[in-house]
1. Of (1) of a type outside the set (A, V, I, L, M); (2) outside any helix (DSSP H, G or I); (3) surrounded by fewer than 13 Cβ atoms within 10 Å (Cβ to Cβ), D8 satisfies all except one. Which?
2. Would you point out the residue of the range 14-45, among those that are surrounded by fewer than 13 Cβ atoms within 10 Å (Cβ to Cβ) and acidic (D, E), that is nearest to L57 (Cα to Cα)?
3. Please give the number of the condition M1 fails out of (1) at pLDDT 95 or above; (2) exposed (fewer than 15 other Cβ atoms within 10 Å of the Cβ); (3) aliphatic (A, V, I, L, M).
Amino acid sequence: MAKRDYYDILGTSKGSSQDEIKKAYRKVALKYHPDRNPDNKEAEDKFKEAAEAYDVL
């Protein structure tokens, strides 16, 4: 399975600062958090993907 661009997952550009990346991650994490989307496997997967992208960046 091919991974998407981490910047694309968070909705930022490659020239983004750490603060911009952190802000984008928090926005995506809140949107797809499992507590806000119970029983939604797709949201859970997107949350995990965003967490992985943030860890790498």
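The values are calculated or read from the model by the stated rules, or taken from the named source; none is laboratory data. Quick caveat: nothing in here was measured; it's all calculated off a predicted structure. In this analysis, Cβ positions are derived from the backbone assuming ideal geometry, glycine residues included, and neighbour counts consider all displayed protein chains.
1. (2)
2. Restricting to residues being surrounded by fewer than 13 Cβ atoms within 10 Å (Cβ to Cβ) and acidic (D, E), the top hit is D19.
3. Condition (1) is where M1 drops out.
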